[in-house]
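One structure is given here, and the rest of the page talks about it.
The values are calculated or read from the model by the stated rules, or taken from the named source; none is laboratory data. What you are looking at is a predicted structure, and each value in this text was computed from that prediction instead of being measured. No Cβ is skipped: glycine too gets one built from the backbone with ideal geometry, and neighbour counts run over all protein chains shown.
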Amino acid sequence: MLKQINITLNGVERSVEIDERESLLEVLRDKLYMTSVKHGCGVGECGACAVLIDGVAIDSCIYLATWADGKEIRTVEGFEQDGELNAMQEAFVEEGAVQCGFCIPGFLVSATELKETNKSYTRDEVRKALSGHLCRCTGYQKIVEATEKGLEKE
Amino acid sequence: MSFKCVNQRVIRKDIVAKVTGRARYTADRTEREMLYGALVRSKVAHGYVKSIDTSKAEQLPGVIKVVTYDDLKAIKFPTCGHPHSVIVEKRDIADKTVFTNHVRHFGDEIAGVVAVDSYTARKAAELVEVEYEKLPVYLESEEALQEGAKEIHDGSKNIVKEDEYELGSDVEPIFESADYVLEEDYDISPVKHCHLENQIAYAYQDAEQRIVVVSATQIPHIVRRILSQAFELPYSKFRIIKPYVGGGFGNKQDVVVEPQVVALSLAVGGKPVLIEYSREEQMVATRTRHAVKISLKSGFNKDGEILAQKAVIVSNGGGYAAHGHAITETMAGNFMQTYMSIKNFKSEQITTYTNLPVAGAMRAYGVPQISFAVESHLDSIAGMLQLDPAALRDINMTEDDLNNEFTGVDYSIKGLKEAIERGKERISWNEKQKAYQGQIGEKRKGVGMACFTFDSGTWPYYPELAGANITMNQDGHLYMHLGAVEIGQGSDTVFCQMAAETTGVSYDNVHINSLTDTDYSPFDTGAYGTRQTYITGQAVVKAAEIIYGKILEKAANLLDVGSEKLDVADDYVIDKASKRQLMSLADLALNTYYNEESGEVITCSVSNQVKSNSINTGVCFTEVEVDITTGKVDILDIFNIHDCGTVINPDTAEGQVHGGISMGIGYALMETMLFNKDGLPLNDNLLDYKLPTTLDHPDLGADFVETYSETGPFGAKGLSEPTTVPTAPAIRNAILNATGVKVNSLPMNPQCLFENFKDAGLI
Ligand code: FES
Ligand code: FES
């Protein structure tokens, strides 16, 4: 069944025709060209497809596109403001937290969600908050350090 | 040595693209009118296809074509990303066809479907009805080698290859006369690479009817050669494009998905066809790290001097040869490489065909397996003699630099000795190692260590050739085209640092495109063998030196001074003596392009063969806490110290070490591929296959002893693969220190430890 949904994507109102069977991941990638949202497993195991839905990090591969109707979706494509990286993106760059980069948009989504709480977190809490994301390249060390640095930024 | 750009923490070239989502991977570069392919995979681990019925699939709306083994000429090709050999006997075994009616492992490819979207393609693949004549399934090498076993490949006797190596004197009489002999068996499970981006490629025919393949590969130039073999077409008929790649770890050093997309695209008139493996397909139908059984025997005297060692290595190769016997041979070669004071070695090794998924290259190419055995065995010996394991290692390492008679490679252990000393201090080895012996109670702590040596590149086993093209643009910036392959390890960044260091052009003004394209990129065999920094780096330096020479020559002409008086720094031609800036490279470059008398672009193209190797070494130290009742191991501290020569970029180097340790922790404690007795997978997904998460790691440590390699660029050696080698044996040895129990299998998960503790009477 085809259906029209309306979402706010990275601050812009978008209206898109979807197949009701489609996941939000598929719609974001194939119809709205948000290719930062990665497909690593398609079944909620790896976190590469995470996006912010009304401010909450969610695996878009196990979230039906039809549920997104009326919601605010943010992806890494929308994190830059006036050409400036957001605090987490900046921290990931400074700490060299990136290798192949395939997992990174997902981590940035969860790290940005943390940042927006304006709270402080211990290293263990940071590890816990990021534990839904798999990375095979970095051993998470610099990702955890970068997230802490991003949390400290103004 | 002091450097300006090399040895500095410069920011990765590709990092902004990757944190903004602008980096485009294969799946992000779709063509207009893309069609989607899906594969019909075997549901049995060994059998013949008795009948195949494609009619239901063909009738599904949206299906364009179904292609089976019957529709394709059965051309056999090798899949492994070794360089081609001009010597016929050295070539890789060609035992794979695109589709087959003799399926050799669960997930083997029988047919393919092309449809308008991926849903329809996958649905159609499910609708293809296959009837099998089942054949006996062999999951262990021993079963496949039994008298009268059904041959998985005709004429093979289920042996890919077997051979023996010897170094020094006959080991048997030495065992006879030694004070002590210890024999141990190690049993090591197969594991998966689990790069986050699954295998993916698409193919189409371009306007000239050439076949373009866009693929997440580590080896674009080798893909082109293998496709030429698989389709009996000239090399030049193919163009391979490698965009950003989401990790490989050796799994993308095999040609797996590329022949499938080419076959399907050709079947639909050259229209673009994309195949993206699901995670489940990736787990069973790509490559694995070999399951290996190793028997080690040592003869030694009471002071800990090991007189002779023998290894028997049985590698389970799975359904196809892929890398053939090379990985097992690497285990045997490495066995004779680290402890050179031992002098007398013997190894017998065999690689078998079985009905497990195909084994192939995975980070460090067999060395994690042999090192688990060798390094564990050393601690068992140390325990027998009540010696400090670090001291035992020291006794059996050489004092001096030498040439390894077996491999022919020059060799220095000095950096490793320093790394061990530094590591001992960092973890308070002398105090803890003793104090932790003979503990009682539910939770026990232990420290452990393990060493490794590893080659930088593949010479003298394979020819090493790399290319670099560098051009100065009109603004004085440099643009590099390399055949080396960035897959996340950071090679593009270190190459730019090398070019900047050599030419005096600033790092920011050296540009590189992460894309490799066989039409434009010079020949280079690709990303494997811990070779790129060391091998391709030498090509980059050579090319950059030529560019530097041309800059000086042009500047000398324009400024009318002798070129020997000039140098380049910070994007300016300077006076060597006074350091005064004489002319910007931007001005110089503009003049070279547009000078009406003597216009000439500053450019060069280098193809460089390397005939050297430079052994890199390192050590892992760890402290663990073992819960005897649950069999759970908590890692309290873990770090590697490496001698990889000059560290070109400390940030990316640390990243490699962290990633290697992480993969090693998974290997040690969590990861294993499970199958039922019929060879069907039990954990072919990321939920049941246990990959380490942020919560499974303590902070990981990385440190370096920087020696200077005489042959490497700026003194650098290789680093990336062996970072994962010493982790598992170090953890095993820490468990031994904590509990007194020798665990000789991987993974050392709670089930395994429970059984070991029970056998030892701890529970
Ligand atoms: S792709 Fe969504 S969790 Fe892996
Ligand atoms: S950077 Fe490669 S998976 Fe995380």
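Candidates in region B:209-265 are the residues that are over 21 Å from A:GLY101 (Cβ atoms) and among the basic types (Lys, Arg); of these, the one that is farthest from the other protein chains (Cβ to nearest Cβ) is B:LYS237.
The test for being surrounded by 21 or more Cβ atoms within 10 Å (Cβ to Cβ) and at pLDDT 95 or above does not hold for B:VAL181.
If a residue has to be more than 18 Å from B:ASP634 (Cβ to Cβ) and outside any loop (DSSP other than H, G, I, E, B) to count, how many in region B:683-719 make the cut? Of the residues in that region, 7 qualify.
Listed conditions (1) closer than 21 Å to B:GLY247 by Cα; (2) under 23 Å from the mean Cα position of the chain (by Cα); (3) within 14 Å of chain A (Cβ to nearest Cβ) are all met by B:ASP703, apart from (1).
Checking A:ALA111 against (1) within 15 Å of ligand 2 (Cβ to nearest atom); (2) within 15 Å of A:ALA146 (Cβ to Cβ); (3) surrounded by fewer than 21 Cβ atoms within 10 Å (Cβ to Cβ): exactly one of these is not met. Which one? So the condition that A:ALA111 fails would be (3). Contact map, region B:51-72: residues that are among the basic types (Lys, Arg) paired with residues that are at pLDDT 95 or above and part of a strand (DSSP E or B), Cβ distance under 6 Å, separation 6+ or inter-chain. Pairs shown: B:LYS65/B:VAL114. Going residue by residue through region B:725-739, is there one that turns out to be more than 14 Å from chain A (Cβ to nearest Cβ), outside any helix (DSSP H, G or I) and surrounded by 23 or more Cβ atoms within 10 Å (Cβ to Cβ)? Yes, region B:725-739 contains a residue that is more than 14 Å from chain A (Cβ to nearest Cβ), outside any helix (DSSP H, G or I) and surrounded by 23 or more Cβ atoms within 10 Å (Cβ to Cβ).
Against the test of being in contact (Cβ under 8 Å) with a residue 60 or more places away in the chain and within 28 Å of B:SER315 (Cα to Cα), the options B:ILE413, B:ILE381, B:ILE420 yield a single qualifying residue, B:ILE381. Exactly one residue out of B:VAL256, B:VAL191 is of a type outside the set (D, E, K, R), under 30 Å from B:LEU274 (Cα atoms), touching a Ser or Thr at 6+ places or on another chain (Cβ under 6 Å) and touching a residue at least 24 places away in the same chain (Cβ under 8 Å): that is B:VAL256. Determine whether B:LEU233 is away from ligand 1 (no atom under 16 Å from the Cβ) and at pLDDT 95 or above. Yes, satisfied. When B:SER156, B:SER177, B:SER169, B:SER189 are checked against the criterion of being more than 16 Å from ligand 1 (Cβ to nearest atom) and either assigned by TED's automatic domain parsing to the domain that holds B:LYS346 or under 30 Å from A:PHE102 (Cα atoms) (or both), a single residue qualifies: B:SER189. Among strands (runs of 3 or more DSSP E) entirely within region B:85-175, having at least 3 residues that are surrounded by fewer than 21 Cβ atoms within 10 Å (Cβ to Cβ) singles out B:129-134, B:159-167.
Scanning region B:1-26 for residues that are in a helix (DSSP H, G or I) and crowded, with 23+ Cβ neighbours inside 10 Å yields a count of 4.
Within region A:36-74, the set of residues being among the hydroxyl-bearing types (Ser, Thr, Tyr) and either crowded, with 24+ Cβ neighbours inside 10 Å or within 16 Å of ligand 2 (Cβ to nearest atom) (or both) comprises A:SER36, A:SER60.
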